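Below is one structure; the comments refer to it alone.
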Amino acid sequence: EPEVTQTPSHQVTQMGQEVILRCVPISNHLYFYWYRQILGQKVEFLVSFYNNEISEKSEIFDDQFSVERPDGSNFTLKIRSTKLEDSAMYFCASGGGTNIGELFFGEGSRLTVL
Amino acid sequence: EDQVTQSPEALRLQEGESSSLNCSYTVSGLRGLFWYRQDPGKGPEFLFTLYSAGEEKEKERLKATLTKKESFLHITAPKPEDSATYLCAVQGAYGNKLVFGAGTILRVKS
C-alpha cells in the first residue's frame, strides 16, 4: 500500500540552526501539505503546495519557513533559524484531489530545538 | 475563523460498551467534515468524510453522522484495538486546509 515517508524521524538541533525536513508523498498525488503538532496540542496547518507553488499558508508559516519540491518525488520543509517554540512533530501529508480532505499523513518528524 | 471543539477530552470504555464522541464546529461554508484516527507517535489516519447534514458513514464498529452544527462518531461494541485519539477536522469555503479539533483520547479495556 502506498504511503507517505518522512525523514528524519527525530532531529535535535540548536536554536538558530537551519533544519530541513524531508517527505516523499504518494507518487500520483497532486496536493502536498505540512502540518505540525506541538506536544499535547492540536494538529495545525502550516502550508499547502499545488502545481509547484504554495497555494495557502497559515500565520505560523512566516519568512523563517520555506517549502520546495526539488524533483518529482521529494517535498521539503526548511526552517531557516530555529526557535525553541518550533519544537513539535511535523507531519507531511498528500492528497489525490478527488476528496480534498482525505489526506495521507506520514509518521512525522519530531523536531527538538535546544 | 473556523473552529472545532471535541468532547469529551478522554473516554474510557469497557470492551463492548458502546458510546459516542462529539465534534462541534463553526465554519464559513462547510465543504467537508472529516474524522481521523491517530495512534501514539503516528500521523493521523483518514476514516470518514461527511459533506452535508443528515449524511452518515460506517466502517466496521464506527459510524459518523453530521448535523448543521456537530458531528458524532458512534462506536459500537468497541474492542481494545479501537483505542486511539480520534480527531475531527473541517474544511471551510476558502482554501484546502483542514482545521482540527484537539481530539478525544479513547481507551478500551478488555
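Details
- Above-threshold pairs, the threshold being 22 Å between Cα atoms, out of A:K83/B:K42; A:K42/A:K83; B:K68/B:K109; B:K59/B:K79; B:K42/B:K69: A:K83/B:K42; B:K68/B:K109; B:K42/B:K69
- Computed Kirkwood radius, in angstrom, where 1/r is averaged over Cα pairs of chain B: 13.9 Å
- Signed unit charges on C-beta, dipole axis of chain A, positive-most listed residue A:Y50, A:T112, A:Y33: A:T112
- Chain A - Rg and Dmax from Cα coordinates, angstrom: 13.2, 41
- Convex hull volume of the Cα atoms of the protein assembly as shown, normalised per residue: 122 Å³.
- For the peptide A:42-49, the mean number of other protein chain Cβ atoms found within 10 angstrom of a residue's Cβ is 5.
- Charge dipole (debye, nearest 20) of the stretch A:5-113; +1 at Cβ of Lys and Arg, -1 at Cβ of Asp and Glu: 220 debye
No lab work stands behind these numbers, since they all come straight from the coordinates. Bear in mind the structure is a predicted one, so any value in this text is a computation, not a measurement. Positions of Cβ are generated from backbone atoms using ideal geometry, with glycine treated the same way; all protein chains shown enter the neighbour counts.
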